[in-house]
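Structure record follows, encoded as structure tokens.
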Amino acid sequence: MRKVYSVLLFILLFFSLGLAACGQTETTNSASTASTSTASPADPSASSAPSEVYPEKLRIGYQKGGTLIILKASGQLEKALAPHNVEVEWVEFAYGPPLMEAMNAGEIDFGYTGATPPVFAQAGDGPNLAYVGYGPSSKEGYGIIVPKDSPAQSLQDLKHKKIALSKGSAGHYLLVKALRKEGLTLEDIEPVYLSYSEARTAFERGDVDAWVVPDPRFADAEETIGARPVATGVGLPVQYNFYLANKSFAERYPAVLRVALDELNKIEQHAKDNIDETANFLEKDTGIPVNIWKRALKRQAWGAQYPLTQEVLDSQQQVADTFFEIKQIPKQIQVKEAVIDLTAK
């Protein structure tokens, strides 16, 4: 009888252990399933969020006439990117076309120009460029200026005269449109294509009769040598300014470009409301006197935005079509083919 009880006890113990094991197996499998479900987002959009990968370095091309110089002087971008361990390198360019060349060659990652340089780049040897953001252009911050004692009072008075400009710059388009408004073309004047420093020298020596120039050089010429404008961007078709990136860089690191544009927009809004303060720290950063910066900043257009809107694309396409029409670029281009939406999923 004792043997029977022993056998029954053994059988009961065996089944108890078996059931416990089965229960443990089911719990483990359920946890595993729950873990797998957590790893796979229920919302499909979560798996297609904009990339958050950051580079080790962001190389930025800037000009004295662009608002990126305000961001550089503030140091805010470096602070914003510090948690992502991104080093910021600033590279100065005299004007847009050389900046475009450097970007296309992969020597810089991000930069700012007027409307014309990316058009010339896309129509030439610039397949590695991408529009990633934009800002309004100051209609009063770009002028066609003459010496203070010049008899010229309008563009009509400059017919058959020498006008200095930087080829492929935003001023190139401004001059074309300003002439067209007066019923003139580039063939009615003598364009003299010079860098800004060369143009200033030629202008002061009297080697040219007028000069197409943006702020702060425009403001500098007004303040220091009494130059005056015979035309500005007022009354002309809108020109936007653009933030551009090396295409491969923008495709791989959109997050760092979003941070740069967001910080730039913040600092621009502060600068707009604090002109004197901004002029003072720009004087320290650039060596350009504060009175010149105040004059330039008061007519500056503010704001850095992305992605490009249809209105902006249409305006920029008009710039491209105009230069093709007057045979200043070798082929017709579609601006939209060089655009990257940093917010795309």
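The values are calculated or read from the model by the stated rules, or taken from the named source; none is laboratory data. Since the structure is predicted, the reported quantities are computational estimates derived from the model, not experimental observations. Here Cβ is always computed from backbone atoms with ideal geometry, including for glycine, and neighbour counts include all displayed protein chains.
The figures follow:
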read-out: Leading residue by the ranking (surrounded by the fewest Cβ atoms within 10 Å (Cβ to Cβ)) among those in the range 175-186 that are touching a helix residue (DSSP H, G or I) at 6+ places or on another chain (Cβ under 8 Å) and assigned to a loop (DSSP other than H, G, I, E, B); value: Thr185
read-out: Residue list for the range 262-278, filter: surrounded by fewer than 22 Cβ atoms within 10 Å (Cβ to Cβ) and of a type outside the set (Val, Ile, Thr); value: Asp262, Glu263, Asn265, Lys266, Glu268, Gln269, His270, Lys272, Asp273, Asn274, Asp276, Glu277
read-out: Criterion: modelled with pLDDT of 95 or more, closer than 30 Å to Tyr306 by Cα and not in a helix (DSSP H, G or I) - qualifying residue of Val212, Val259, Val238, Val230; value: Val212
read-out: Residue list for the range 187-201, filter: buried (at least 17 other Cβ atoms within 10 Å of the Cβ) and assigned to a helix (DSSP H, G or I); value: Tyr196, Ala199, Arg200
read-out: Residue in the range 297-314 that is part of a helix (DSSP H, G or I), assigned by TED's automatic domain parsing to the domain that holds Asn104 and small (Gly, Ala, Ser) present; value: no
read-out: Subset of the range 85-100 that is among the aromatic types (Phe, Trp, Tyr) and outside any strand (DSSP E or B) - its residue that is farthest from Val213 (Cα to Cα); value: Phe93
